[in-house]
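Following: one structure in structure tokens, then a few remarks.
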């Protein structure tokens, strides 16, 4: 196990390095215009551009530029230039809203995904399975940017059940926090509910053919016990891995669109605002932190997976 | 590709059989029809623009008035509220109303925007598939360090938050344009989102293709080709590639759908298609600002995206079932739905 963890950590460090180089290339090397000009923003004065050029050392060699950029990002010196605001502060302000949105959505999609998948699998081929399959496919097919406008229009404007966008902190007013987040949670969760129910269904159908399930039946366990204790349990391991990966990707990606649509002032909203104003430093910061977060979560998931399923770490060692 | 290889005695080749199986799948055929309709709809954009709406996708009508019967309607009110759907009341002009305070014809924009969305989806899927096939063939055929390098690169790309990095690259290119060696792309070009999308969706196809190449490279016909003196290129592209055809077709179809969603997300956030071009994604972000007064402006482009993506996904699944009947029979046999028939196919 220790060997696996060490290997995985080394792999993670490598990926983190690659990510940082990639982000560096994306912002400072690939585009076809002076980098200082781009960082300064749309209406920058020549004086500002000049000072950014010196501050970031754009006349130095690429490795030195890379080092400067990483130093700026990880010591919290990253600044957006119009007006001058530290990027870190804004990101920190956004984290509670982003976490509230993502964690809530994660719980909802895991719960409903597993529920629908379980009933779909134990009734495979029956009418319930067909209905649930239809629901799942509909869920997978509705893009966030269609679902959100429809929900907002009908449930916050036509019928004023929910507040129209915005965010209230959990510590300020838990009830308002909840009502503001219900629609965003479901918007973010619907796609994954559909997807997870399909994955669990097919996993369970696979497991049902295993010998130990036949053994469980043969020794006289009730169908319900066979399904929950043997089939469901063994089908959950891949789901947990998947959940880890998707959860990371949701925080650092999909949540952005939901935050914009519902005016939730999270990290993604900040990034979107920066895109609209064509301010690159915030996007640089959000991208790097987000990518690091995802790589880190993926690493943890792998280690947890190896812990849950010894075959994985043995397989790795044997390779 | 494999069609010419039908033996003289075979009445129906595998492709014709697959085609017949596809036709039997009514749902897939219906959604293929829907997809064709959507393509025809966007192709008809210039016809509608010139002969019905009499305006272009970017032409503004801020002070114009429509004469409907005896009534005079402003395209944009002095408060900046655009006109709602007119259907055929104004002879097809402003069929879906105007898009914003700029008073552009929403229907015309929907048709031209759809062209951009579909074009980006299809072209990026072509590039993605091409890259994925080449990388998958090289990695699966040569193995060793080639596989290690390609495999690791794909793993890293795969594990990244694709949307976030896509946004970063998208906005960076949208601001500065691209210059890598001989390739130079100006900043507003729709080739920028195409490049972003193609790169980041490659691992999703390359990894399964590599797996399949690994398995195929073990087969006797590959050994036979090598024994006959075929070089690596001929083995890869002449022997292995034709056997990947059905996988490639299925992934290509599904990839168009994914890439269109990716494009819509990028464009919605402003990191994809740049003005004056517009796509369904940019139209949603414009329409979203008027959600309470003119909800259709945000909802209709969203519905178009959903229908297109749904159609492509269902057609893709239908193709998978038709081209690889075993996959479906296996699944259903497992679920106890049908007895596996023709399992020897």
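Numbers for the structure displayed
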| quantity | calculated |
| --- | --- |
| Cα-based Rg of chain B normalised by 2.2 N^0.38 Å, two decimals | 1.20 |
| Dimensionless Rg ratio for the stretch B:210-316, taking C-alpha atoms and the 2.2 N^0.38 Å reference | 1.68 |
| Most mobile listed residue (B:72, B:156, B:42) in chain B, GNM with C-alpha springs under 10 Å | B:72 |
| Relative compactness, the stretch B:43-87, computed as alpha-carbon Rg over 2.2 N^0.38 Å | 1.27 |
| Choice from B:150, B:205, B:183 with maximal GNM fluctuation in chain B (Cα, 10 Å cutoff) | B:183 |
| Rotationally averaged projected area of the stretch A:164-232 (alpha carbon convex hull; nm²) | 6.9 |
| Per-q log10 I(q)/I(0), the stretch A:98-149, q = 0.14, 0.16, 0.21 Å⁻¹ (Debye; single scatterer per alpha-carbon; no solvent) | -0.46, -0.58, -0.84 |
| Within chain B, helix-based [θ] at 222 nm, where runs of 4 or more DSSP H residues each add -39,500 (n - 2.57), nearest 500 | -20500 deg cm²/dmol |
| Highest-MSF residue in chain B out of B:175, B:108, B:75 [GNM, Cα springs under 10 Å] | B:175 |
| Rounded, prolate or oblate (a/c below 1.5 giving rounded, otherwise prolate when a/b exceeds b/c) for the stretch B:147-195 by Cα gyration tensor | oblate |
| Value of D in µm² per second that Stokes-Einstein yields for the stretch B:8-136, Kirkwood Rh from Cα pairs, at 4 °C (1.567 mPa s) | 72 |
| 0 to 90° range, to nearest 10: angle between helix B:162-176 axis and chain B longest Cα axis | 60 |
| Burial ordering of A:219, B:219, fewest other beta-carbon atoms within 10 Å first | A:219, B:219 |
| Value of [θ]222 nm, deg cm²/dmol, for chain A, DSSP H segments ≥ 4, -39500 (n - 2.57) each, nearest 500 | -24000 deg cm²/dmol |
| For the stretch A:210-319, the spread of Cα positions along each principal axis, largest first, Å | 67, 37, 14 |
| Relative pair counts by distance (%), Cα atoms of the stretch A:139-272, 5 Å bins | 2, 9, 15, 16, 14, 11, 9, 9, 7, 5, 3, 0 |
| Peptide-level mean, for B:39-47, of C-beta atoms on other protein chains within 10 Å | 0 |
| Cα gyration tensor shape of the protein assembly as shown, rounded if a/c is under 1.5, else prolate or oblate by comparing a/b with b/c | rounded |
| Nearest 10 degrees, 0 to 90: helix A:280-308 Cα axis against chain A principal axis | 30 |
| Cα-based helix-to-principal-axis angle, B:14-24 vs chain B, degrees rounded to 10 | 40 |
| Relative intensity, log₁₀ I(q)/I(0), of the stretch A:50-153 from a Debye sum that treats every alpha carbon as a point, q = 0.16, 0.17, 0.23 Å⁻¹ | -0.86, -0.91, -1.21 |
| For the stretch B:187-237, Kirkwood radius (reciprocal of mean inverse C-alpha pair distance, Å) | 13.5 |
| Order of A:302, A:263 under a 10 Å beta carbon neighbour criterion, fewest first | A:263, A:302 |
| For the stretch A:1-111: rounded, prolate or oblate by the Cα gyration tensor [a/c cutoff 1.5] | oblate |
| Neighbour-count ranking [beta-carbon atoms within 10 angstrom, fewest first] of A:246, B:147 | B:147, A:246 |
| Cα radius of gyration and Dmax for chain A (Å) | 23.7, 82 |
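The numbers here are math on the coordinates, done by the rules we state, and not lab data. Since the structure is predicted, the reported quantities are computational estimates derived from the model, not experimental observations. FYI the Cβ positions are ideal-geometry reconstructions off the backbone, even for glycines, and counts take in every protein chain you see.
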